[in-house]
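J.: One structure follows; several queries about it will come next.
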Amino acid sequence: MASVSSKISDGLSPDIIAAIGKARASLAAFVDRFGAQVGGIARPWTVPFPDGSVLTSDEFEHVWNRLHFLVVGDAFGPGYGGVFDYASKLSTIRYSTVLGWGAHPGGLEFIALHEVIHGCEAGDAVRRAQWDAYRTHRKAMLGRARRATAKREAAWASEYHAYPQFAEVEEFCNLGARSVADHFQLPPLIAIPTHGFEYGDLTR
Ligand SMILES: [Zn+2]
């Protein structure tokens, strides 16, 4: 069963501490509800993803039983509402990401399932492919030089981040979250995702 905790860093205002608690409680409620629902369904089951890959009940359980949501007040880089560690299945997520998505119908389910898909092999395969593409891009930019200044490296990285391909893992996780929600008849997300979470070519 997935689990949820929070981290209160020094210097946070009482309002933010309260919001972290709220985000933690809503994620915990989802984990209880969805865990009970899926636990009551006959196995094996599979959920097809739009790219032809599938989520199997075995893989879901592998992720779900290790998944931990750590709700924090810290800000992440531009466009990021958290960070997911594939190996440990730790989702470090900002309270405002949970509450922001949760303000939309189906949004809490959507963001929680998005993190589940990050933890699956299908989601991580997209992430690895992106990084392979990034390394190819970097190599092409580097040309015959063996190394570049930190400034040039940063410029290439930011250029690459502007490419739609780099958002594909987020997009894949969004599509996967919708597929899982649909399969289990959870409320569909009614919102237009922002923050660079849904652009690129997969949905076109
Ligand atoms: Zn994500």
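J.: Quick test for you: out of Gly102, Gly81, pick the one residue that is of a type outside the set (Ser, Thr, Tyr), within 18 Å of Asn174 (Cβ to Cβ) and within 15 Å of the ligand (Cβ to nearest atom).
T.: Gly81
Rundown of residues vs (1) within 16 Å of the ligand (Cβ to nearest atom); (2) closer than 30 Å to Pro48 by Cα; (3) among the acidic types (Asp, Glu); (4) touching a Gly at 6+ places or on another chain (Cβ under 7 Å), yes/no style:
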residue: Arg128; (1), (2), (3), (4): yes, yes, no, no
residue: Tyr134; (1), (2), (3), (4): no, yes, no, no
residue: Lys139; (1), (2), (3), (4): no, no, no, no
residue: Glu159; (1), (2), (3), (4): no, no, yes, no
residue: Ala167; (1), (2), (3), (4): yes, yes, no, yes
residue: Cys173; (1), (2), (3), (4): yes, yes, no, yes
residue: Arg178; (1), (2), (3), (4): yes, yes, no, no
residue: Phe184; (1), (2), (3), (4): no, yes, no, no
residue: Pro187; (1), (2), (3), (4): no, yes, no, yes
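J.: Among the listed residues Val63, Val54, which satisfies the condition of being in contact with a Cys (Cβ under 6 Å, 6 or more places away or on another chain), among the aliphatic types (A, V, I, L, M) and either away from the ligand (no atom under 16 Å from the Cβ) or within 14 Å of His118 (Cα to Cα) (or both)?
T.: Among Val63, Val54, only Val63 is in contact with a Cys (Cβ under 6 Å, 6 or more places away or on another chain), among the aliphatic types (A, V, I, L, M) and either away from the ligand (no atom under 16 Å from the Cβ) or within 14 Å of His118 (Cα to Cα) (or both).
J.: In this structure, does Asp124 turn out to be away from the ligand (no atom under 16 Å from the Cβ) and either modelled with pLDDT of 85 or more or assigned to a helix (DSSP H, G or I) (or both)?
T.: Criteria not met by Asp124.
J.: Would you check if there is a residue in the range 83-99 being surrounded by 13 or more Cβ atoms within 10 Å (Cβ to Cβ), modelled with pLDDT under 90, of a type in the set (S, T, N, Q) and in contact with a helix residue (DSSP H, G or I) (Cβ under 8 Å, 6 or more places away or on another chain)?
T.: Within the range 83-99 (the criterion being surrounded by 13 or more Cβ atoms within 10 Å (Cβ to Cβ), modelled with pLDDT under 90, of a type in the set (S, T, N, Q) and in contact with a helix residue (DSSP H, G or I) (Cβ under 8 Å, 6 or more places away or on another chain)), the answer is no, since none of the residues qualifies.
J.: Do any strands (runs of 3 or more DSSP E) lying entirely in the range 1-105 carry at least 2 residues that are without any contact (Cβ under 8 Å) to a residue 60 or more places away in the chain and under 26 Å from Asp182 (Cα atoms), and which ones are they?
T.: So the answer is 82-85, 90-94.
The values are calculated or read from the model by the stated rules, or taken from the named source; none is laboratory data. Note that the coordinates shown come from a computational prediction; the quantities given were computed from them, not determined experimentally. Here the Cβ is made from the backbone with ideal geometry for all residues, glycine too, and neighbour counts use every protein chain on show.
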